[in-house]
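Worksheet for the structure shown next.
The values are calculated or read from the model by the stated rules, or taken from the named source; none is laboratory data. Keep in mind it's a predicted model, so treat the numbers as computed, not measured. Cβ coordinates were reconstructed from backbone atoms using ideal geometry, including for glycine residues, and neighbour counts include every protein chain displayed.
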Amino acid sequence: MKKSSFFALVFGTVSGVLFALGMCMALLPEWNAFTEGVIMGAAGIVLGAITALIWCKMENKKLPKMNGKNVFRILYAVVAVLVLGTGMCMCLVWEQIIWGTLIGLLGIIMLIALIPMIKGIK
């Protein structure tokens, strides 16, 4: 494994955990830590962006250009993650197991569809 891949793996995981924990802190009223959760979630987003920048520098790659195609991919990914999260909430919080499973599965399929959308089919 290359240094750049290991760096991206470790720091990407840490940033994801920070973001997820921050969102839990902010959105679960039982934890009573909304402000701290927003700060921790924002720190996770910033660390993720810094990780991507450093990884591109280590790999001698340019940053992706912000054209219409990439903006659409980003928006599609955000919607897919929200669909998956809604399905999880339906199962775990609202106790609607069947509908939550179906909507969560739709979110997973949408996320898997990102692979051919980005890499293409050859």
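A few comments on the model shown:
- Residues being under 23 Å from residue 20 (Cα atoms) and not basic (Lys, Arg) - total across the range 51-101: 31
- From the list 86, 101, 35, 13, the lone residue that is buried (at least 16 other Cβ atoms within 10 Å of the Cβ) and β-branched (Val, Ile, Thr) is 86.
- Any hit, the range 50-61, residues being part of a helix (DSSP H, G or I), in the same structural domain as residue 119 (by TED's automatic domain parsing), in contact (Cβ under 8 Å) with a residue 24 or more places away in the chain and of a type in the set (A, V, I, L, M): no
- Every residue from the range 1-10 that is exposed (fewer than 12 other Cβ atoms within 10 Å of the Cβ), more than 24 Å from residue 39 (Cα to Cα) and either free of Cβ contacts under 8 Å to residues at least 12 places away in the same chain or among the small types (Gly, Ala, Ser) (or both): 1, 2, 6
- Residue that is touching a Gly at 6+ places or on another chain (Cβ under 7 Å) and not β-branched (Val, Ile, Thr), where the choices are 44, 68, 85: 44
- The residues on offer are 50, 45, and the sole one that is within 21 Å of residue 8 (Cβ to Cβ) and loosely packed, with under 13 Cβ neighbours inside 10 Å is 50.
- Among the candidates 39, 45, 98, the residue that is at negative phi, among the β-branched types (Val, Ile, Thr) and not assigned by TED's automatic domain parsing to the domain that holds residue 6 is uniquely 98.
- Test: residue in the range 92-102 that is under 19 Å from the mean Cα position of the chain (by Cα) and either at pLDDT 90 or above or in a loop (DSSP other than H, G, I, E, B) (or both): no
- Qualifying residue in the range 50-62 (condition: more than 28 Å from residue 5 (Cβ to Cβ) and of a type in the set (Asp, Glu)): no
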